[in-house]
Amino acid sequence: MRSTIDLLLDLVRQSQALARVEFSLVRAELSERGGLVASSLVALAAGLILLPVGLGLIIVACALLLTRLGVPLDIAFLILAVAVIVVGLGLAWAGVRGLKPSRLMPAKSISQISSLFGGLEP
């Protein structure tokens, strides 16, 4: 029969061994994911470079289409430039409006937490 001290020492040794194995698994998984993150960042960068180029080409193609329909080239580009600026301003305005601190604050969670603590306001 083993003593209590021997059993506790054995428990400590096994816990340490388990912790070492778990940490080595975490390190292996993090290094594996590190390679995935690097390749994903490269793909994201390439996409962010190609998207504006493609959108610019679409705008040029639309301007050339307008010239085919009889609109002078300079007026066609002016029309599309104004349209792109209006759309861009609208999207920027919507983005700024959506990022107001009052919209980002988790009001429901704050009210639930404050009700748990007796209705105290933050």
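The values are calculated or read from the model by the stated rules, or taken from the named source; none is laboratory data. Not measured: the values here are computed from a predicted model. Heads up, the Cβs are rebuilt from the backbone with ideal geometry, glycines too, and the neighbour counts pull from every protein chain shown.
Below, the figures for the structure above:
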quantity: Those residues of the stretch 63-104 which are modelled with pLDDT under 90 and surrounded by fewer than 10 Cβ atoms within 10 Å (Cβ to Cβ), in sequence order; calculated: Gly95, Val96, Arg97, Gly98, Leu99, Lys100, Pro101, Ser102, Arg103, Leu104
quantity: Helices (runs of 4 or more DSSP H) wholly inside the stretch 1-117 that include at least 3 residues being over 34 Å from the mean Cα position of the chain (by Cα); calculated: 4-68, 73-98
